[in-house]
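Structure provided below as structure tokens; questions to follow.
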Amino acid sequence: IYRGARVLRNHFGRISQVSQKGAFDLVTEADTESEKQIIETIWETFPDHAIWAEESGRNKGTAEYQWLIDPLDGTTNYVHQLPFFTISIALAVGGNIELGLILNPMDGELYSAIVGKGAELNGKPINVSSITSVSDSLLITGFPYDFNEIVDPAMKRFSVCQQASQGVRRLGSAALDFCYVACGRFDGFWEQNLHPWDKAAGVIIAAEAGAVITDFSNQPFSINQKEILVTNGRIHQEMLSLLNLTD
């Protein structure tokens, strides 16, 4: 992860080529070079492990062990020189996420979790907040790249939650959103249409910090779900009610 971070720092403010995978989905040479460094590092130690990465897709390997990699989560922020972006790496064993690492290369905050071992920020344990009502909560959300297809319900949910809480923020990196709920900076996070690599590491970090994670219908989390709600647990039912007022 630190090799990838070095790439991102070296390219920060010096991007010469920006491509579009979709109308709002950007990719730079920093994305691809960071991903290359991360994959090479993993394969140096685990040459038979499978890889599922954002830019290069699936690389065959032992199905029992699969790494999910987002080499630059928050590319639009990165291109505009906003220091809110991360590298996100998770390891799934037998289809279950067992390890998560998320690093912000600019401030050096490294979030980590191993299933059953708790979550840490730079080696120190972290936990979700103790806020008990949405009216006392600060919330975080994001909008997917296909936002135009869901603009009406997405904006209704944003409006409802903004009015019910102390505020709603949008930082532009889902991986950071998970981590900031995990360490108690935010009390709840929701989003739609995230890819598996966007959320794999964040899910285990948040869960190990005490977060409750479901879809908008309160169904248990799975990596392929379109909807995700992450809260400190204490405001979860209230958040479910708010998100479903728009249905």
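Pick out which of E191, E29, E208 has the largest mean-square fluctuation in a Gaussian network model of the chain, springs linking Cα atoms closer than 10 Å.
E29
Right, here's the next one. Along each of the three principal axes of the Cα atoms of the chain, give the extent in whole Å, ordering the values from largest to smallest.
Projected onto its principal axes, the Cα set of the chain covers 48, 40, 30 Å.
What accessible area per residue comes out for the chain, rounded to a whole number of Å², with a 1.4 Å probe? Let's see the in-between values first.
Working: 11110 Å² over 247 residues.
Here the per-residue accessible area is 45 Å².
Counting only protein heavy atoms, what percent of the accessible surface of region 122-246 is carbon or sulfur at a 1.4 Å probe?
Numbers: 2460 of 5150 Å².
Roughly 48 percent of what the probe reaches on region 122-246 is carbon or sulfur.
For region 92-98, just list the computed ³J(HN,Hα) in residue order, Karplus coefficients 6.51, -1.76 and 1.60, θ = phi - 60°, integers in Hz, with x standing in for Gly and Pro.
9, 10, x, x, 10, 6, 10
Something else now. What number, rounded to the nearest 500 deg cm²/dmol, is the helix-based mean residue ellipticity at 222 nm of the chain, given -39500 (n - 2.57) per DSSP H run of at least four residues and division by all its residues?
Numbers: 7 runs with 76 residues, N = 247.
When only DSSP H runs of four or more count, the value is -9500 deg cm²/dmol.
Now for a different question. Taking only Cα atoms and a 10 Å spring cutoff, compute GNM fluctuations for the chain and point out the largest among T62, T45, T132.
Of T62, T45, T132, the Gaussian network model singles out T45 as fluctuating most.
For region 96-148, what is one quarter of the convex hull surface built on the Cα atoms, given in nm²? Mind dumping the intermediate values first?
Values: hull surface 26.3 nm².
Projected area, direction-averaged: 6.6 nm².
Please determine, in degrees from 0 to 90 and to the nearest 10, the orientation of helix 151-164 with respect to the longest principal axis defined by the Cα atoms of the chain, where the helix direction is its Cα long axis.
Between the helix axis and the principal axis of the chain, the angle is about 60 degrees.
With axes computed from alpha carbons, what is the tilt in degrees of helix 29-45 against the longest principal axis of the chain, rounded to the nearest 10 within 0 to 90?
Taking the Cα atoms of the chain, the angle to 29-45 is about 70 degrees.
While we're looking at this one, here's another question. Along the principal axes of its C-alpha atoms, what lengths does region 120-247 span, in descending order and rounded to whole Å?
41, 31, 26
How are the C-alpha pair distances of region 1-144 spread across 10 Å bins, as whole percents from the shortest bin up?
11, 36, 35, 16, 3
So how tilted is helix 2-11 from the main axis of the chain? Cα-based, degrees 0 to 90, rounded to 10.
Tilt relative to the chain: about 90 degrees.
In whole percent, what relative contact order does region 46-169 give with Cα contacts below 8 Å and a gap of six or more residues? Working shown, then result.
Numbers: 199 pairs, mean separation 16.1, N = 124.
Once divided by the residue count of region 46-169, the mean separation gives 13 percent.
Using the structure shown, list the pairs from K156/K199; K124/K226; K124/K156; K60/K199; K117/K156 with a Cα-Cα distance above 30 Å, or answer none.
Numbers: K156/K199 23 Å; K124/K226 32 Å; K124/K156 38 Å; K60/K199 21 Å; K117/K156 38 Å.
With Cα atoms farther than 30 Å apart: K124/K226; K124/K156; K117/K156.
When the dipole is taken about the Cα centre of the chain, and only Lys, Arg (+1) and Asp, Glu (-1) are charged at their Cβ, what size is it in debye, to the nearest 20?
400
With a cut-off of 8 Å between alpha carbons and a minimum separation of six or more residues, what is the relative contact order of the chain in percent?
Details: 560 pairs, mean separation 42.1, N = 247.
Relative contact order for the chain comes out at 17 percent.
The values are calculated or read from the model by the stated rules, or taken from the named source; none is laboratory data. Because the structure is a prediction, the values reported are computed rather than measured. Every residue, glycine among them, receives a Cβ derived from its backbone with ideal geometry; neighbour counts consider all protein chains shown. Ligands, DNA and RNA are excluded from the accessible area calculation, which covers all protein heavy atoms including side chains. Shrake-Rupley method; radii C 1.70, N 1.55, O 1.52, S 1.80 Å.
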